[in-house]
Amino acid sequence: MKVLLVYPEFPDTFWGFKHALRFIRKKAGAPPLGLLTVAAMLPADWELRLVDLNIQAMSDEDLAWADMAFVSAMVVQREGTFKAIHQCKEAGLKVVAGGPLFTGEHESFDEVDHFVLNESELTLAPFLADLAAGCAQRVYSTTEHPDIRATPAPRWELAELKQYDSVSIQFSRGCPFNCDFCNITALLGRKVRTKTTQQIIGELESLYRTGWRKNVFFVDDNFIGNKKLLKAEVLPALIEWRKGKKGMAFNTEVSINLADDDELLRLMAEAGFNTVFVGIETPSEASLLECSKYQNRNRDLIDSVKTIQRAGLQVQGGFIVGFDSDTSSIFQQQIDFIQRSGIVTAMVGLLQAPYGTRLYERMKSEGRLSEEMTGDNADGSTNIVPKMGLEQLRQGYRRLLDQIYAPRPYYARVRTFLREYKAPTVSLHLEPQYVLAFFRSAYQLGLKGKARAEYWGLLGWTLFRRPKLFPLAVTFAIYGFHFRQVAELHVQ
């Protein structure tokens, strides 16, 4: 059997970093972890070829070579997924589909022959057995959750790693919290399931042997869901493994209560983590209560952010406007919070109700579901009817984006962060493209750009005040360019 592993194209999104990646001549952020993991579960005698449509087109030769296509996608890839599936069907291929997009919407994809839904550790094997017996069903699903200690390592060799800036691995699935708008618990449960320490070290070692020295993103829903295991085993093992090695800085997703654990902060920094994404959501206590974001309540959120920054971990933040309890004052509150916190990478979106969440069911019961959810957290869309009024919400949102990503407040926020940030223990791996990115940024932002004074002002300030963080300052300048390009799509 010859199989194409097809990953559909992403639209131009906040997290795609499309405009920033051009400075380092990379085509995409990371290869598709799900497909590379599924590849390791397929029969050893099958021939596999990865086609990531974010870095290459699906050629006639690819389609003529294959017998079948496996397609995996997230909701934000919906449009590109329809196109990819249709292209495969026109070439006469059988199409097998799985991933978050299909778990919630498989009825919409008439051209797919077989759906392998939920977690593939449980649903892929029955499909493969039926396929071999000639009696494959159309839908394979489960409500159970697998033990991921049996999950194989991804097939890195199938990906053209030099085209990417980051690689993803996974230590755990599930999250102990149950926020109203989040579909993680609906998809993966509240019990935190983990791989073994040996698995993670093995995956990192195999990556290191390929020559990979750049970023590694732990895609866990909440990396600190099992603090005891992290502190006792995983982080000490990562610290030991890292001795004598260069590069490979880590980043991940955590909850804000990381700030309450000094030992965990120290161990994560020593292990090589330098960035964490935190769902801040809102500075409004009423809105946090409304969405059951209890871990964020009754604390000084700015102080928590700065505690994490001072430990050597950059905080990237997710923010939401459009809760029922939000008033017109929320937009300025969000602007003020983001500026004071020094969260440079601040993703702000309108409240959306993903399928399977408690928010979705509540909006459905109240007759407040509207258009289809795009899956893009920062495109100014929502699939619910907000109490504030949609036009007022969108106007406030556009003003918010315009404020936080305009050059002057953006560069000021970078300096706020750099003042607090403890330089990471793992040095950046500066391959030639990263060095050249500085000169490209100097031309694009320092000579051609409208914010030339802010650009040179930041670099000069950093050289004199925090010289070790100069590469990071250049990176943030490039990020700001990307964020402004994306924001301009929505600030009309």
Hey, in the chain, which Cys have no second cysteine's beta-carbon closer than 4.7 Å? Cys88, Cys135, Cys175, Cys291
Positive-end residue of Gln295, Trp241, Ile224, charge dipole of the stretch 209-331 with Cβ unit charges: Trp241
Take Phe277, Phe476, Phe70 and order them by how many other Cβ atoms sit within 10 Å, fewest up front. Phe277, Phe476, Phe70
On a 0 to 90° scale, report how tilted helix 407-420 is relative to the longest principal axis of the chain, with both axes built from alpha carbons and the result rounded to the nearest 10. 90
Take the Cα atoms of the stretch 2-140, find their three principal axes, and give me the spread along each one in whole Å, biggest first. 50, 32, 27
Among Cys179, Ile343, Val167, whose Cα lies farthest out toward the positive end of the dipole of the stretch 165-420, if unit charges sit on the beta carbon of Lys, Arg (+1) and Asp, Glu (-1)? Val167
What does the charge count near Gly322 come to, summing +1 for each Lys or Arg and -1 for each Asp or Glu among other residues with Cβ under 10 Å from its Cβ? 0
Kindly express, to the nearest 10 degrees and within the range 0 to 90, the angle between helix 301-310's C-alpha long axis and the longest C-alpha principal axis of the chain. 90
Furthest towards positive pole of dipole, Gly92, Ala30, Val6, structure part the stretch 2-140, Cβ charges: Ala30
Separation of the stretch 120-158 and the stretch 359-428 by C-alpha centroid, Å? 36
Sequence-separation-based contact order of the stretch 152-206, relative, with Cα cut under 8 Å and 6+ spacing, percent: 36
Per the helix-only model, the chain has a calculated mean residue ellipticity at 222 nm (DSSP H runs of ≥4, -39500 (n - 2.57) each, divided over all residues, rounded to the nearest 500) of -12000 deg cm²/dmol
Mind checking the stretch 433-472 for trypsin sites (Lys or Arg not before Pro) that DSSP puts in a loop (not H, G, I, E or B) and that have at most 14 other Cβ atoms within 10 Å? Lys448, Lys450
May I ask for the percentage of alpha-carbon pairs in the stretch 114-202 that lie more than 17 Å from each other? 63
Using only alpha carbon pairs under 8 Å that are at least six residues apart, calculate the relative contact order of the chain and give it in whole percent. 14
Give a quick list of trypsin sites (Lys or Arg not before Pro) in the stretch 32-141 that DSSP marks as loop, anything other than H, G, I, E or B, with at most 10 other Cβ atoms within 10 Å. Arg138
How many nm is it between the label spots at Arg419 and Ala40, if each spot is 7 Å from the Cα in line with the beta carbon? 4.5
From the Cα gyration tensor of the stretch 161-234, with a ≥ b ≥ c the square roots of its eigenvalues, which class applies: rounded if a/c is under 1.5, or else prolate if a/b is larger than b/c, or else oblate? oblate
In the stretch 89-179, what GluC sites (Glu not before Pro) fall in a loop by DSSP, with at most 11 other Cβ atoms inside 10 Å? Glu144
Of all DSSP beta bridges in the stretch 155-256, what percent run antiparallel (nearest 5)? 20
About its Cα centre, what dipole magnitude does the stretch 356-492 give when the only charges are +1 on Lys and Arg Cβ and -1 on Asp and Glu Cβ, stated in debye to the nearest 20? 680
Measure nothing fancy, just the Cα-based angle from helix 197-209's long axis to the longest principal axis of the chain, in degrees from 0 to 90, nearest 10. 90
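Read the figures in this text as sums done on the coordinates, not as results from a lab. Just so you know, these numbers come straight off a predicted model, no measurement behind them. Ideal geometry is used to build each Cβ from the backbone, glycine not excepted, and the neighbour counts take in all protein chains shown.
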